[in-house]
Amino acid sequence: MSLRSAFTQILTSRRVRSVARGCRAVARTVARRHRTLVLFYEADEPYSELLLDVLPGLARVYNVDFELRPVGPPDTSAAPEPEKLAQWARRDAEALRRTYRIPRSHSDVEALGDPDDNARWRQAHGHYGSGMIWFEGEWYWGIDRLHHLERRLGANDDELVFPPIAEPDGPTGGAFDMYFSLRSPYSYLAMMRAPVLAKRWQADLMLKPILPMVMRSLPVPRAKQLYIVRDVKREAERFGLPFGRIEDPVGRGVERGLAVLHQAIPDGKGVDFAQSFYTGVWAEGIDAASDAGLRRIVERAGLDWASAQDALSDESWREAVEANRKEMFALGQWGVPTFRVGDRAAFGQDRLWQVGRWLEEGAA
């Protein structure tokens, strides 16, 4: 096991997280402080607006205090396509508002602190974005992560005010595309779930791999990397998926994986290989850049190692993944995983419910 893999195991350890929560709770009790949620709010930012509408009511339900800390927009290093993000956020937030039936309340809440000072405090505590709630050492993004926060505040699954939105359970027919990166842990979550849902929906799933952002000269800030790893761990636990023993495939590992995947997709083994690759690099600490590691990934996916070695010498995958990237950008999306149903596209592993509803509409 590499030192990096050992570090990420500790970083994502459920036991370490539980101990940290306990220590913070004890410190609060000793200091006689009340439980307080801190909302980092960006004016006119759709996810911030949603949280501002629901937080007063949520605070009453769980008998907690909350603070509103205004901040400016994130740096472009953390949000590299701000215009695309803004356009998507407006549509996405409206869909969430309709689904959860959230009224536009905007109750008067006193804003605390200077935006620049608040941004520095946020950075010092490990984050970079708006529409975020901080509670005793952990971050919760938007409406989508309130269920994690609610459980931490003591709710059972049947008591959640904002439970995760369920995907349609019956057949829908139709087809959808999935744009993904082999280095994206959110794509890992989606790849382990989307094929199962596609089978349930009796829908065709088309795989569309692209290069990771960092391999397209778009650096990812360290704070963002650390937040994502911790957030994915919580989501992986929810889905019963292993995560945390990480061997980052960036660079040679991704390129070798894409070469084999390019051959596996037309042979009907794309999902098997992608799932094996993701599990290897995100949960088992397998080095996909090595022959021994890649061979293990290849063979347990039911692929032939000799054929995979031939695929490694074929550079045609580069043109294919670039075509997929251009196609995704033409849909108004910039990140992975992205899903397309007809001429509509949704971003994030949290939006598989939206994919299913679009498929239902197509079948209606």
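With the alpha-carbon atoms of the range 1-155 aligned to their principal axes, the span from lowest to highest coordinate is 42, 39, 33 Å, starting with the largest.
Straight-line cross-link partners of LYS208 among the aspartates and glutamates, defined as a Cα under 19 Å from its Cα and at least 8 positions apart when in the same chain: ASP177, GLU255, ASP267, ASP272, ASP314, GLU315, GLU319, GLU322, GLU327, ASP343, ASP350.
Averaged over its residues, the range 94-151 has an accessible area of 49 Å² per residue, based on protein heavy atoms and a 1.4 Å probe. Quantify, in whole percent, the carbon and sulfur part of the accessible surface of the range 199-307 (1.4 Å probe; protein heavy atoms only). Carbon and sulfur: 48 percent of the exposed surface of the range 199-307. Alpha-carbon geometry of the range 1-70: the Rg and the Dmax are 16.8, 47 Å, given in that order.
Taking a ≥ b ≥ c as the square roots of the eigenvalues of the alpha carbon gyration tensor, the range 130-199 is oblate, as a/c is not under 1.5 and a/b does not beat b/c. Placing pseudo-labels 7 Å out from each Cα toward the beta carbon at ALA95 and GLN123 gives an inter-label distance of 3.3 nm. Each stretch of four or more DSSP H residues adds -39500 (n - 2.57); spread over every residue of the chain, this sum gives -16500 deg cm²/dmol at 222 nm.
Which whole-number percentage describes the relative contact order of the range 170-243, with Cα contacts under 8 Å and a sequence gap of 6 or more?
On the way: 70 pairs, mean separation 26.9, N = 74.
In percent, rounded to a whole number, it is 36.
Solvent-accessible surface of the range 44-88, taken per residue with a 1.4 Å probe and all protein chains present: 45 Å². Taking a ≥ b ≥ c as the square roots of the Cα gyration tensor eigenvalues, the range 62-117 comes out oblate, since a/c reaches at least 1.5 and a/b does not exceed b/c.
If you roll a 1.4 Å probe over the range 92-192 with all protein chains in place, what percent of the accessible area is carbon or sulfur? Percent of accessible area from carbon and sulfur atoms in the range 92-192: 48. Using the beta-carbon distance between ILE228 and ASP267 and R0 = 51 Å, what value does 1/(1 + (r/R0)^6) give for FRET efficiency, to the nearest 0.05? About 0.95, to the nearest 0.05. The alpha carbon centroids of the range 296-364 and the range 69-105 are separated by 24 Å. Does the range 274-364 classify as rounded, prolate or oblate by the C-alpha gyration tensor (a ≥ b ≥ c root eigenvalues; a/c under 1.5 gives rounded; else a/b over b/c gives prolate, otherwise oblate)? Prolate is the answer for the range 274-364, as a/c is 1.5 or above and a/b outweighs b/c. Counting charges near ARG296 (Lys, Arg +1; Asp, Glu -1) among other residues having Cβ under 15 Å from its Cβ returns a value of -3. In the list (i) 59, 49, 41; (ii) 62, 44, 39; (iii) 65, 52, 38, the label attached to Cα extents along the principal axes in Å as derived from the coordinates here is (iii). With the highest mean first, a sort of the peptides 64-75, 12-23 on other beta-carbon atoms found within 10 angstrom per residue produces 64-75, 12-23. Accessible surface computed residue by residue for the range 213-345, with neighbouring protein chains in place and a 1.4 Å probe, gives 43 Å² per residue. Applying a threshold of 29 Å to the alpha-carbon distances of LYS199/LYS224; LYS199/LYS233; LYS84/LYS224 flags LYS199/LYS224 as lying beyond it.
Counting only protein heavy atoms and a probe of 1.4 Å, the accessible surface of the range 20-85 is 51% carbon and sulfur.
Computed on protein heavy atoms with a 1.4 Å probe, the accessible areas place ILE143, ILE165 in the order ILE165, ILE143, largest first. Using a cutoff of 8 angstrom between alpha carbon atoms and counting only pairs six or more residues apart, the relative contact order for the chain works out to 19 percent. Both radii come from the Cα set of the range 125-262: Rg as radius of gyration, Rh as Kirkwood radius; their ratio Rg/Rh reads 0.99. Projecting label points 7 angstrom from Cα along Cα→Cβ for ARG300 and ALA6 puts them 2.2 nm apart. Counting only heavy atoms of the protein chains and using a 1.4 Å probe, ASP267 has close to 110 Å² of accessible surface.
The values are calculated or read from the model by the stated rules, or taken from the named source; none is laboratory data. In this text, all values refer to a predicted model and were calculated from it rather than measured experimentally. Heads up, the Cβs are rebuilt from the backbone with ideal geometry, glycines too, and the neighbour counts pull from every protein chain shown. The protein model used for the area step is the full one, side chains on, heavy atoms only, and it has no ligands, DNA or RNA in it. Shrake-Rupley method; radii C 1.70, N 1.55, O 1.52, S 1.80 Å.
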